[in-house]
1. What 222 nm value per residue comes from the helices of the chain, counting each DSSP H run with n ≥ 4 as -39,500 (n - 2.57) and dividing by all residues, nearest 500 deg cm²/dmol?
2. Could you work out the relative contact order of region 9-176, using alpha carbon pairs under 8 angstrom and six or more residues apart, expressed as a whole percent?
3. So how far apart, in nm, are the two label points at Thr117 and Val24 if each is 7 Å from Cα heading toward Cβ?
4. Find how much the distance from Glu185 to Glu97 grows on full extension, using 0.36 nm per residue of separation minus their present alpha carbon separation; answer in nm with one decimal.
5. Under unit Cβ charges (Lys, Arg +1; Asp, Glu -1), what dipole magnitude, rounded to 20 debye, does the chain have relative to its Cα centre?
6. Give a residue-ordered list of calculated ³J(HN,Hα) values for region 79-84 (Karplus: 6.51 cos²θ - 1.76 cosθ + 1.60, θ = phi - 60°; whole Hz; x for Gly, Pro).
7. Hey, any idea what the orientation-averaged projected area of the convex hull of the chain's Cα atoms comes to, in nm²?
8. What is the diffusion coefficient of region 2-107 in µm²/s, taking the Kirkwood radius over Cα pairs and the Stokes-Einstein relation at 25 °C with a viscosity of 0.890 mPa s?
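What follows is calculated from the coordinates using simple rules that are stated; it is not laboratory data. Because the structure is predicted, anything quoted here is derived from the model rather than measured. Neighbour counts run over all protein chains shown; Cβ positions are idealised from the backbone, glycine included.
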Amino acid sequence: MTARRLLLLGPPGAGKGTQAQLLVERYRIPQISTGDMLRAAVAAETEIGIQAKAMMERGDLVPDEVVIGVAEERLAQDDAQRGFILDGFPRTGAQAEALDALLERLGTPLERCVALTLDEEEIVSRLLKRAEIEGRSDDNETAVRHRIAVYQEQTEPLVAHYEAQGILRRVEGTGSVEEVAKRIEEALG
Ligand code: AP5
């Protein structure tokens, strides 16, 4: 089966963005990352960016209605009609329900949800390493640990949501980028 409407779920630093890039090359479909879109909005000082900046720096989630609007607009663009890789969206029950409803209206349900797993200390170590290179404003230890707690509380329950839909595959996020990519390839079948 060629899965082309994909969702990468997982805690911060699990490798969603890195693996999404490899899937972009493999399937020639766009990565839709609400984190990247929100960071672009912050950099451009748009209304959404100004609203989201402090929440993102703390590691809190941006309100559902804002993120759902951003994601729905992106999913409506031409290049997403042949498929997409969602990275970092949905992140709450309300976002997952909005996505289900949208895709049902379009008759294009998700084909696979890959849930990447990684333990807390490895997450912290990866993101503090990235902080030295890229200086992302939410890659400091306090914000990273808060992002992990937010993930556990608000996003991890979505694993059960997609498991109930029969489209979930769990993939270990440890090891090299290539090793994780191979596991994802197997999980996509
Ligand atoms: P977002 O940008 O989505 O950040 P995140 O989920 O915290 O994820 P990261 O980008 O940190 O990690 P990743 O899993 O993509 O890993 P990556 O491949 O980058 O969200 C940021 C903020 O925006 C949120 O906190 C929230 O405020 C807001 N937001 C976004 N979406 C939202 C939504 N839907 N609702 C509400 N708010 C939202 O890798 C991480 C690092 O590890 C990199 O340096 C990479 O090179 C390295 N790495 C990757 N794979 C490996 C490997 N196998 N081995 C060693 N290093 C590796």
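1. -17000 deg cm²/dmol
2. Reported as a whole number, the value is 33 percent.
3. If labels sit at Thr117 and Val24, their model points lie 2.9 nm apart.
4. In short, 29.0 nm is gained.
5. Charge dipole of the chain: 460 debye, to the nearest 20.
6. 5, 8, 6, 8, x, 6
7. Here the figure is 10.1 nm², rounded to one decimal.
8. Result for D is 172 µm²/s.
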